[in-house]
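Have a look at the structure below before the remarks.
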Amino acid sequence: MMNDLFSSGHAADIVLVVLAVEALWLKSRGMAFATILSALLPAAFIILALRAALTGMDWPYIAVPLALSFPVHLLDMRFRIQRGKDVSDS
């Protein structure tokens, strides 16, 4: 059962759903969409790369979202610093 959960990629799908629920919760708390997107998009890219790896997809489907996660993370860090918030504050 657990083997099927991971080999099908559904374990990654569950994490993506949790990220979507978190985004909705943050939006309901008044957080700006751009802030939510910059905070959660790097994780979503990493999980998409994980899903591709779990399902045996070709390497570009793993490498591209993984590579995209880093500049988006740097952009999030820049936004946080510009807003004057400590990077450790979430």
**Fill in**
Between the Cα axis of helix 59-82 and the main Cα principal axis of the chain, the angle (0 to 90°, nearest 10) is 10 degrees
**Request:** State the label only: which of [x] 1.05; [y] 1.22; [z] 1.10 corresponds to Cα Rg over 2.2 N^0.38 Å computed from the shown model?
**Result:** [y]
**Request:** Only Cα pairs under 8 Å and at least 6 apart count here; give the relative contact order of the chain as a rounded whole percent.
**Result:** 28 percent
**Asked** Averaged per residue, what accessible area in Å² does the chain show with a 1.4 Å probe, protein chains only?
**Response** 70 Å²
**Asked** To the nearest 20 debye, what charge dipole does the chain have about its Cα centre, counting +1 at the Cβ of each Lys and Arg and -1 at the Cβ of each Asp and Glu?
**Response** 400 debye
**Asked** Got a sec? Charge dipole of the chain, +1 on Cβ for Lys and Arg, -1 for Asp and Glu; which of Met77, Leu50, Tyr61 is way out at the positive end?
**Response** Met77
**Message:** Given the DSSP H assignment, sum -39500 (n - 2.57) over each helix run of at least 4 residues in the chain and divide by its residue total; what's the result at 222 nm in deg cm²/dmol, nearest 500?
**Reply:** -26500 deg cm²/dmol
**Prompt:** Any idea what angle helix 33-54 forms with the longest principal axis of the chain, computed on alpha-carbon atoms, 0 to 90 degrees, nearest 10?
**Reply:** 20 degrees
**Request:** Using only Cα atoms, find the angle between the long axis of helix 10-28 and the longest principal axis of the chain, and express it within 0 to 90 degrees, rounded to the nearest 10.
**Result:** 20 degrees
**Fill in**
With the dipole of the chain defined by +1 on each Lys or Arg Cβ and -1 on each Asp or Glu Cβ, the option from Ala12, Met1, Ala39 whose Cα lies farthest towards the positive pole is Ala39
**Message:** I want to check the label-to-label distance for Tyr61 and Met31. Put each point 7 Å from Cα in the C-beta direction and report it in nm to one decimal.
**Reply:** 3.0 nm
**Request:** Can you check what the net charge comes to around Ala23, using other residues whose Cβ is under 14 Å from the Cβ of Ala23 (Lys, Arg +1; Asp, Glu -1)?
**Result:** 0
**Complete:** Whole-percent carbon and sulfur contribution to the accessible surface of the chain (1.4 Å, no ligands, DNA or RNA) stands at 71 percent
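The values are calculated or read from the model by the stated rules, or taken from the named source; none is laboratory data. For clarity, every value in this text was computed on a predicted model and none was experimentally measured. Because the Cβ atoms are built from the backbone with ideal geometry, glycine has one as well, and the counts that use them run over all protein chains shown. Side chains are part of the model used for accessible areas, which takes the heavy atoms of the whole protein and leaves out ligands, DNA and RNA. Shrake-Rupley method; radii C 1.70, N 1.55, O 1.52, S 1.80 Å.
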